[in-house]
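First comes the structure, then the notes that go with it.
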Amino acid sequence: MSDIIQLLPDHVANQIAAGEVVQRPASVVKELLENAIDAKATSIQLIIKDAGKTLVQVIDNGTGMSVTDARLSFERHSTSKISTAEDLFQLNTKGFRGEALASIAAIAHVEMKTKRDLDELGTILKIEGSKIIEQEVVVTPRGTSIAVKNLFFNIPARRNFLKSDQVEMRHIVDEFQRVALVHPDISFTLYSNGSEMFVLPISNHRQRIVNVFGSKTNEKLVPVNEATEILNITGFVTKPEFSKKSSKEQFFFVNDRFIKSSYLNHAITAAFDGLLKDRSYPGYFLYLNVDPKTIDINIHPTKTEIKFDNEHDLYAIIKSTIKHSLGQFQIAPILDFNRDSSMDTPYEYKNKKIGTPIIEVDSSFNPFLDEKTASRVPSSNSFSSLQVPKKNSDDWEGLYVGLESQISSDSTSGSIVEFESEEVTGSFFDESEVFQEQITLQVQNKYIVSKIKSGIVVIHQHRAHERILYEEFLKHITINQAVSQQLLFPVKVSVTKDELLNFNTVKEVLENTGFVFSNVSNEEIEVTGIPSAIEDSKAPIIIHDLLSSMGNALEVNELHSNLVARSMAKSIAIKSGKSLTRLEQEDIVNRLFACKEPTVSPINKAIFITYSTSDFDKKLL
Ligand code: ADP
Ligand code: MG
């Protein structure tokens, strides 16, 4: 049999590469703007027709190209920006892969005019689907103009896949802003269908942000500035009271490149811990500079994701720098006075680094026995006077004799009535999607299925309960008013030296949850009071789970309160495999959707999925 492998012709290879580089008109905008910047332009015009479907044109006053370079620039892997592999580790340019122009020319009609300063005449070049149609000399000013017409003319499937003009234009504006925000030393204009959308004169960073987002932005900005050995940060965050419901005004640049990094984004959000309204996002415009050797930009064709050598250090520095800025500009204290402290529940849930506790707990434990009836009972019962903050717990001993079982259940009720969240978070579902009636069903002792208006929701019972407990503990810790129950017989927990060190770090936070410790020696911790929501027998397990899972967590600077709340929730949440009564199921559903963040568990695992009736309709065609 003859050989069957052959090299793909260039135009086919280019079309394949275009699939990665050019997803939509906005991708062309990004590539052309970046080329103009790399060509050291000081003035760049972007001209758009029909959201880029008809025309994307970029005109710059940069270096221009020679006749040969103009021709070569459309070849695959043709670049003037790197010549050896080592250059990849000291990149100062936006481009380096040498595939943007080749890809674009494979799937559109392209017309380029370019001229260098030293040349009398320039070059005009027309290419359609990788084929050169025309190459001539032309009179043209210094710089380069590239017009990309009829994008995807030869790939109808891709063209049909494009969204409405409005959506595609939004993407274009996003790309334009991302580039313009990081280059205030270049003037930019954007015209769409003949009218001016942005005119951005040369300015400084702050002025550029204001020119892009409007004059009201100025008063919202808090400067951020820090220089360390591994990283320089400059830029701005917006004051927390101006935080938005969407993450639109979040810009994170690394070495002048717009970058998406959920990990570092989390560092920024964590710095705002407790300062933001529910489900709002802080705005930020942060410009990081790091040694190019410490990052790898080449992990994604569109170069919006990069790999950092020292991500953990960056996380810690970014977070503390922003905290410092907010503090310095007295953002934090001012808000603290104005806020209802119950709103200030900080929590982190995206940190995937944390190891999960290993000790299995008693699966027969039923947290609902106490709570569910109690949570509906007003606190006017005869024991409500006992629901005092734990600091007064010394006086309780006498009252407890013979009453401990009643007290423990009633004080639980107190704690729940007192702390139960007022605000029911309905916003995950549209207004029209709140629960109609509580009809639940437990499946395989693992999932709770419930009806919502649009269909059904399937809830992971363990994660849901974890989330509920986590937020409750956090609330207790934050407002420092947990209710303790005194133990009749103190529980002794033996610890190693390391665990004792850990214990000392989080002792105060544990006390805020309702723990009371009497003697702490080198090998033993004596517990005399525990949070009212937990059973006596759980105390040693909770403490052990916590202390043994703390090692990694502290390295990433996690808030101790989060750590403790998460670990405690994990230790006592009902497990998969546990059968639940109807009331218990409903209780979980109700309390879950009263949580601030009902969608993910404290370690960022999805808690539920929804199926709409239209999903069923599709499957049952
Ligand atoms: P890359 O930017 O990765 O090098 P491109 O395909 O985007 O690859 O561009 C190929 C080459 O064409 C660039 O390296 C540059 O030398 C040249 N070029 C592209 N656009 C311009 C421009 N606007 N002005 C001057 N030279 C340009
Ligand atoms: Mg390029």
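Quick notes on this one:
- Exclusive hit being more than 9 Å from ligand 1 (Cβ to nearest atom) and at negative phi, set E99, E34, E86: E86
- Single unsatisfied condition, F258 versus (1) surrounded by 15 or more Cβ atoms within 10 Å (Cβ to Cβ); (2) at pLDDT below 90; (3) not charged (D, E, K, R): (2)
- Condition met for S521 (farther than 30 Å from S320 by Cβ, open to solvent by less than 10 Å² (accessible area, probe 1.4 Å) and at pLDDT 80 or above): no
- Selection status of R24, within 7 Å of ligand 1 (Cβ to nearest atom) and among the charged types (D, E, K, R): no
- Counting only residues that are more than 13 Å from ligand 2 (Cβ to nearest atom), open to solvent by 40 Å² or more (accessible area, probe 1.4 Å) and more than 18 Å from L46 (Cα to Cα), segment 88-114 holds 4 of them.
- In segment 146-159 there is at least one residue matching the filter, namely being open to solvent by 20 Å² or more (accessible area, probe 1.4 Å) and either within 16 Å of ligand 1 (Cβ to nearest atom) or in contact with a Gly (Cβ under 7 Å, 6 or more places away or on another chain) (or both).
- Residue that is closer than 26 Å to Y315 by Cα and either modelled with pLDDT of 90 or more or surrounded by fewer than 23 Cβ atoms within 10 Å (Cβ to Cβ) (or both), where the choices are A569, A594, A573, A565: A569
- Filtering segment 244-255 to residues that are under 26 Å from H312 (Cβ atoms) and either more than 12 Å from the chain's Cα centre (by Cα) or buried (at least 17 other Cβ atoms within 10 Å of the Cβ) (or both) leaves Q250, F251, F252, F253, V254, N255.
- Within segment 297-324, being closer than 30 Å to N35 by Cβ, out of contact with any helix residue (DSSP H, G or I) (no Cβ under 7 Å at 6 or more places or on another chain) and among the hydrophobic types (A, V, I, L, M, F, W, C) holds for I297, I299, I306.
- Across segment 597-612, the number of residues qualifying as open to solvent by 20 Å² or more (accessible area, probe 1.4 Å), among the small types (G, A, S) and part of a loop (DSSP other than H, G, I, E, B) comes to 0.
Residue-by-condition table, conditions (1) without any contact (Cβ under 8 Å) to a residue 40 or more places away in the chain; (2) within 25 Å of the chain's Cα centre (by Cα):
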| position | (1), (2) |
| --- | --- |
| F152 | no, no |
| R170 | yes, yes |
| T189 | no, no |
| N193 | no, no |
| H205 | no, yes |
| V210 | yes, yes |
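The values are calculated or read from the model by the stated rules, or taken from the named source; none is laboratory data. Fair warning: this is a prediction, and the values are worked out from it, not measured in the lab. Quick reminder, even Gly has a Cβ in these numbers, built from the backbone with ideal geometry, and neighbours come from all protein chains shown. The accessibility values were calculated without ligands, DNA or RNA, using every heavy atom of the protein model including side chains. Shrake-Rupley method; radii C 1.70, N 1.55, O 1.52, S 1.80 Å.
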